1. Report the relative contact order of the stretch 1-111, percent, no decimals, based on alpha-carbon pairs under 8 angstrom and at least 6 residues apart.
2. Gaussian network model of the chain, Cα springs within a sub-10 Å range: biggest mean-square fluctuation belongs to which of Pro14, Pro23, Pro81?
3. What is the distance, in nm, between label points placed 7 Å from the Cα along the Cα-to-Cβ direction at Asp66 and at Asp82?
4. For a quick check of understanding: with a 1.4 angstrom probe and all protein chains in place, what accessible area in square angstrom does Ser26 have, to the nearest ten?
5. Between [x] 76; [y] 59; [z] 54, which matches percent of Cα pairs over 16 Å apart calculated for the structure shown?
6. Taking the Cβ of Asp60 as the center, what net charge do the other residues with Cβ under 14 Å away carry, scoring Lys and Arg +1 and Asp and Glu -1?
7. Starting at the first residue of the stretch 49-58, write each ³J(HN,Hα) from the Karplus equation 6.51 cos²θ - 1.76 cosθ + 1.60 with θ = phi - 60°, in whole Hz, x for Gly and Pro.
8. Name the long-range amide H neighbours of His9: under 5 Å, sequence gap of 5 or more, or other chain; modelled H, no Pro or chain starts.
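The values are calculated or read from the model by the stated rules, or taken from the named source; none is laboratory data. Source: prediction; values computed, not measured. Virtual Cβ from ideal backbone geometry, glycine too; neighbours counted across all protein chains shown. Calculation scope for accessible area: heavy atoms of the full protein, side chains included, ligands and nucleic acids excluded. Shrake-Rupley method; radii C 1.70, N 1.55, O 1.52, S 1.80 Å.
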Amino acid sequence: MPKLIVMPHPDRCPDGMEMEAEPGESILNVALRNGIDIEHACEKACACTTCHVVIRQGFDSLKESDENEDDMLDKAWGLEPDSRLSCQALVADKDLVIEIPKYNINMVSEAH
């Protein structure tokens, strides 16, 4: 079973965490199931960038992002070549090391 390794994040996961993931499960769902509260303002509909993560290891094992995800990622703060929306990226057969960016853009909360 592949592992999802979350690098330390000062607010979301201060000590980092390693957890088991089911192939086909989204990175976001694995994190949420294990108590890591990655923001997801659009409720996993690929309509925002709040669940943006950077895949530090294992990126090539993921299925390619689709055009809708790419369009959303273009709006993400701190976009990197190995960025994905955690609600859309599905765990495959390799371990993944992810970094949750320090900031994100939440157009819902920032619009008020």
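1. Once divided by the residue count of the stretch 1-111, the mean separation gives 37 percent.
2. Pro81
3. Distance between label points: 2.5 nm.
4. Near enough 10 Å² of accessible area.
5. Step by step, percent of Cα pairs over 16 Å apart for this structure corresponds to label [z].
6. 0
7. Per residue, the Karplus-derived 3J(HN,Hα) values read 10, 5, 9, 4, 9, 10, 8, 7, 8, x Hz.
8. Asp15, Gly16
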